[in-house]
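A single structure is presented below for examination.
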Amino acid sequence: MFEGFFTNTDHTYTYVGVRGFSLPGAYDTRMIVMINGHNIAANAFDMSTWFGNDFPVDIDLVDRIEVVRGASSALYGSNGMLATINVVTRAPAAVHGTTVRLETGSLGERKVEASTSFAMPRGANLLLSGSVFNNAGAHQLYFSELDAPQTNFGRAINVDGEKGFHAFADQTWGNWEVLAVAGDRMKQQPVSWGDIVFNDTGPRAEDTQAFSMSPIRRTCQAIAL
């Protein structure tokens with residue numbers, strides 16, 4: 001994590017704080033998150049909580065992350081109060097051949113990712129990537145405020161899993177680019193919103209991101225540091 005930034009989670013979303021400012025909640029509207037200069041805030045509430053597997057681009061596709069600290073609303077939008085973050089993906093010409101990656105982790109994490117890049121006629125290049133993931137999450141979570149017999153003494157069992165996919169396509173021709181990104185994540189919620197039965201496996205939150213940009217000049221995407 002960058003200096004001055006920190007994260008916290010409510011086991012549904014991961015939130016980023018800046019210089020000590022962080023108010024957990026699904027409607028995080030205090031910073032801007034972009035992919036190649038495209039703002040990926042949710043349309044309905046203009047929120048940017050994409051800091052976990054709900055972020056639709058796999059980290060292996062990231063070339064660099066540009067950060068503007070402090071207020072920058074006049075340049076990048078009204079949410080740029082604490083910071084503006086621009087994730088720049090790798091150029092198709094910089095990725096060679098086909099790659100398949102397998103990941104596993106201590107909390108039942110399983111992920112398969114495949115990517116390929118190849119040259120096309122007239123100097124064009126195409127990069128395609130896709131991944132699927134499935135995490136079991138923590139076996140047991142304890143919530144002290146719910147420590148009572150009727151709520152299993154505050155212990156949520158096997159209700160922290162998530163699954164989903166990421167899809168990515170990027171075609172470049174000279175300084176021009178056509179980009180398409182899609183992702184979906186289904187997350188179990190140990191604690192949810194509204195009236196639910198604690199320790200039930202039913203409550204879930206689903207986040208879907210998809211956008212395309214065509215055509216754009218890749219050389220004009222970088223934001224000032």
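Which of (1) modelled with pLDDT under 85; (2) crowded, with 17+ Cβ neighbours inside 10 Å; (3) under 15 Å from Asp207 (Cβ atoms) is the odd one out, the single condition Asp10 does not satisfy?
Status for Asp10: all satisfied but (2).
Let me ask something else. Being more than 14 Å from the chain's Cα centre (by Cα) and either among the acidic types (Asp, Glu) or modelled with pLDDT of 80 or more (or both) narrows it down to one of Gly52, Gly20, Gly4, Gly37, so name that one.
On inspection, the qualifying residue turns out to be Gly37.
Now for a different question. Please identify the pairs in which a residue from the stretch 114-131 that is without any contact (Cβ under 8 Å) to a residue 24 or more places away in the chain has its Cβ atom under 9 Å from the Cβ atom of a residue that is crowded, with 16+ Cβ neighbours inside 10 Å and hydroxyl-bearing (Ser, Thr, Tyr), counting only partners at least 6 apart or on another chain.
If the second residue must be crowded, with 16+ Cβ neighbours inside 10 Å and hydroxyl-bearing (Ser, Thr, Tyr), the pairs left are Ala114/Ser129; Ala114/Ser131; Thr116/Ser129.
What tally of residues in the stretch 171-200 results from selecting those that are among the charged types (D, E, K, R) and outside any strand (DSSP E or B)?
Qualifying residue count, the stretch 171-200: 2.
Could you name every one of the strands (runs of 3 or more DSSP E) located completely within the stretch 62-170 that has at least 2 residues being surrounded by 15 or more Cβ atoms within 10 Å (Cβ to Cβ) and modelled with pLDDT of 95 or more?
110-119, 124-135
For the stretch 194-212, give me each residue that is under 22 Å from Asn135 (Cα atoms) and either without any contact (Cβ under 8 Å) to a residue 12 or more places away in the chain or among the hydroxyl-bearing types (Ser, Thr, Tyr) (or both).
Thr201, Gly202, Thr208
Output the number of residues of the stretch 171-200 satisfying the condition of being more than 30 Å from Arg122 (Cβ to Cβ), modelled with pLDDT of 90 or more and of a type in the set (Gly, Ala, Ser).
Number satisfying all stated conditions: 1.
The values are calculated or read from the model by the stated rules, or taken from the named source; none is laboratory data. Quick caveat: nothing in here was measured; it's all calculated off a predicted structure. Here the Cβ is made from the backbone with ideal geometry for all residues, glycine too, and neighbour counts use every protein chain on show.
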